[in-house]
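Just below is one structure, and these are the notes that go with it.
The values are calculated or read from the model by the stated rules, or taken from the named source; none is laboratory data. None of the values given here were measured: they were computed from a predicted structure. Every residue, glycine among them, receives a Cβ derived from its backbone with ideal geometry; neighbour counts consider all protein chains shown. Ligands, DNA and RNA are stripped out before the accessible areas are found, and what is left, the full protein with its side chains, is counted by its heavy atoms. Shrake-Rupley method; radii C 1.70, N 1.55, O 1.52, S 1.80 Å.
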Amino acid sequence: MRGLMQDVPLTVDTIFRHVEQHHGDVPIVTNNPGGKVRTTYAEWAQRTRRLGGVLDTLGISADGRVATFAWNSARHLELYFAAPCTGRVLHTLNVRLFPEQLTYIANHAEDEVVFVDRTVLPLLWPLIDTMTTVRHVVVMDDGGDAEIPDDPRVLDYETLLAAAEPVEFSVPDENSAASMCYTSGTTGNPKGVVYSHRSTFLHTLGVIAPNAFGLSVRDVAMPVVPMFHANAWGIAQAAPAAGSALVFPGAMMQPQAIADLIVDEKVTFTAGVPTIWQGVLPHLAGREHSLREIGCGGSAVPKALSEAYREQVGLPILHAWGMTETHPVASSGVLSRAFDDADEDTRATQRARQGIPFIGVEARIVEAGTIDELPWDDVATGELQVRGPWCAQEYYNPDAGAELSTSDGWMKTGDVAALDPFGNIRIADRTKDLIKSGGEWISSVDLENAIMSHPAVAEAAVVGVPHPKWDERPLACVVLKSGETAGEQEILDHIAPLVAKWWLPDAVEFIDEVPKTSVGKFSKKDLRTRFADYEL
Ligand code: AMP
């Protein structure tokens, strides 16, 4: 017997119409260099329909790639909807990528137009002749003072919008592409992930849900995680869909500016990577605010950071896990009722886990290179694999060797994890960051967490360095907080009770800064290169 319900396509224009019809009075704020710009979803919706008209005027093909090179802003939100709602494919370019990678990505995706914030125009313009399919560069004046080139390809966003007619939105096929995003590519060429309308719709519902970010009309949401990295974790769709007000940091990404925005705009929900919250903490500590949740992921949230927020800001951090290939959010670490009566330290340890998968996403761990499942005993570690309607099946025109799926249809994450009996994920490492000592694996993430719980430590990254007897041994690279002191022995004494004896790093190097990737994660590749000849 078949179900007898309507088969309505799950598309981004359905989200758009819901926001337009029901949440028009809700405000959107963007913090630009020249001052805050305020609008509403009603105005945004009108402008988004006209932007659809602009894409027609520019002659962007039916499923043409519409690239953005921009900070989080209301204009960027117009593009987030106008491109997919007219059947085009939004392609967010990461403003922090290296020039060669940007060229590669724009050409690989065959971008036809790039919408660029004036503040970052100087990063894009020198590359424009290398982007062979780009025909137009549309400048969004966000208060930057970069000179605008006198070139026929360069157009002004507001001028185009003022002259355009609004269009109707209707996307018939929920499996058509809505947007794409390239992974930061720590190895090989960046790889393109293509999101469908259906996956976007379902991910949006997943992110709104109470066990996830729990967004509603009562919220003021501020995505600090960039809209140019992994869809701002879906908040750019989820907040409008839930009728939450939106606050965008624009180009004003300095920790002080972010803390002030949280306080002044009465932000209730925000999200960003651990390095952001590390920087914001001293500017937010002790101030009155309206926050009910701080989402954090992209790399492991140190227990010490979450606890520092609990103590100094009044709420711990909500841990989430995911990757570009999972839209990106796939699990979150809300505490179940089993922890209601637990002591604070147990609760904090639990919060440092990556949590349980969202409804719709399933997880398993397998023996490396096989599809043999490992037990959920929180001891066995293996490759984490996931499946669900917002997990990617394959990359866009991948290079050889970049297969994503297993023979039985699960997505390989490249993360090494343990699962507890309730399937709560504990990421031990990236496969390539594990340290192999005497044939046994050491988790660099666990060591980093232990080191970062030392009060004088600002950041710590642990990498494997070659060792004549053990193959590899851990080297701890430590950044001290300004004005603090601590020696190698003090660090090692601090972590000795926290980790297995044979895990203790063989040496501690004090460095000025942990190198970061374009999306703010520790770049262990750079550290491994720097310390490749390290003598233990
Ligand atoms: P990206 O595609 O740039 O978002 O990177 C995804 C990768 O970031 C994952 O495969 C993990 O290795 C890492 N990651 C994301 N969230 C977490 C987390 N909460 N804890 C540990 N690693 C994480």
May I ask you to list the residues in region 220-237 that are open to solvent by less than 10 Å² (accessible area, probe 1.4 Å) and either acidic (Asp, Glu) or under 15 Å from the mean Cα position of the chain (by Cα) (or both)?
-> MET222, PRO223, VAL224, VAL225, MET227, PHE228, ALA230, ASN231, ALA232, GLY234, ILE235, ALA236
Quick one: count up the residues across region 342-364 that are away from the ligand (no atom under 14 Å from the Cβ), open to solvent by less than 70 Å² (accessible area, probe 1.4 Å) and not hydroxyl-bearing (Ser, Thr, Tyr).
-> 5
For region 32-42, indicate whether the set of residues that are modelled with pLDDT of 95 or more, loosely packed, with under 15 Cβ neighbours inside 10 Å and touching a strand residue (DSSP E or B) at 6+ places or on another chain (Cβ under 8 Å) is non-empty.
-> yes
Could you list, in sequence order, the residues of region 172-184 that are out of contact with any Phe, Trp or Tyr (no Cβ under 9 Å at 6 or more places or on another chain) and either touching a residue at least 24 places away in the same chain (Cβ under 8 Å) or open to solvent by less than 30 Å² (accessible area, probe 1.4 Å) (or both)?
-> PRO172, ASP173, SER176, SER184
Go through the residues of region 389-398 one by one and say whether even a single one is open to solvent by 20 Å² or more (accessible area, probe 1.4 Å), part of a strand (DSSP E or B) and either out of contact with any His (no Cβ under 8 Å at 6 or more places or on another chain) or more than 16 Å from the ligand (Cβ to nearest atom) (or both).
-> no
Residues that are within 25 Å of TYR309 (Cβ to Cβ) and within 16 Å of the ligand (Cβ to nearest atom): which strands (runs of 3 or more DSSP E) entirely in region 438-522 hold 3 or more of them?
-> 457-467
Can you name the number of the only condition in (1) open to solvent by less than 30 Å² (accessible area, probe 1.4 Å); (2) without any contact (Cβ under 8 Å) to a residue 24 or more places away in the chain that GLU100 fails?
-> (1)
Return a yes/no flag: does region 420-433 have any residue that is more than 16 Å from the ligand (Cβ to nearest atom), among the charged types (D, E, K, R) and exposed (fewer than 14 other Cβ atoms within 10 Å of the Cβ).
-> no
Among the residues of region 278-290, is there at least one that is within 14 Å of the ligand (Cβ to nearest atom) and either in contact (Cβ under 8 Å) with a residue 40 or more places away in the chain or more than 25 Å from MET227 (Cβ to Cβ) (or both)?
-> no
Residue in region 347-376 that is farthest from ALA308 (Cα to Cα), counting only those that are of a type in the set (S, T, N, Q) and part of a loop (DSSP other than H, G, I, E, B) = THR370
SER331 is checked against (1) in a loop (DSSP other than H, G, I, E, B); (2) modelled with pLDDT of 95 or more; (3) within 16 Å of the ligand (Cβ to nearest atom) and fails just one. What number does that condition carry?
-> (1)
Every residue from region 290-304 that is of a type in the set (A, V, I, L, M, F, W, C), under 10 Å from PRO274 (Cα atoms) and open to solvent by less than 10 Å² (accessible area, probe 1.4 Å) = CYS296, VAL301
Cross-chain or 6+ apart pairs with Cβ under 9 Å, region 408-427 first and among the acidic types (Asp, Glu), then within 13 Å of the ligand (Cβ to nearest atom) and assigned to a loop (DSSP other than H, G, I, E, B) | ASP415/MET323; ASP415/GLN354; ASP420/ARG353
Mind checking which residues of region 308-328 are out of contact with any Leu (no Cβ under 7 Å at 6 or more places or on another chain) and either within 16 Å of the ligand (Cβ to nearest atom) or β-branched (Val, Ile, Thr) (or both)?
-> PRO316, LEU318, HIS319, ALA320, TRP321, GLY322, MET323, THR324, THR326, HIS327, PRO328
Taking region 399-418 on its own, how many of its residues are buried (at least 20 other Cβ atoms within 10 Å of the Cβ) and touching a Ser or Thr at 6+ places or on another chain (Cβ under 9 Å)?
-> 6
Evaluate the following for ARG310: is it among the charged types (D, E, K, R) and closer than 22 Å to VAL26 by Cβ?
-> no
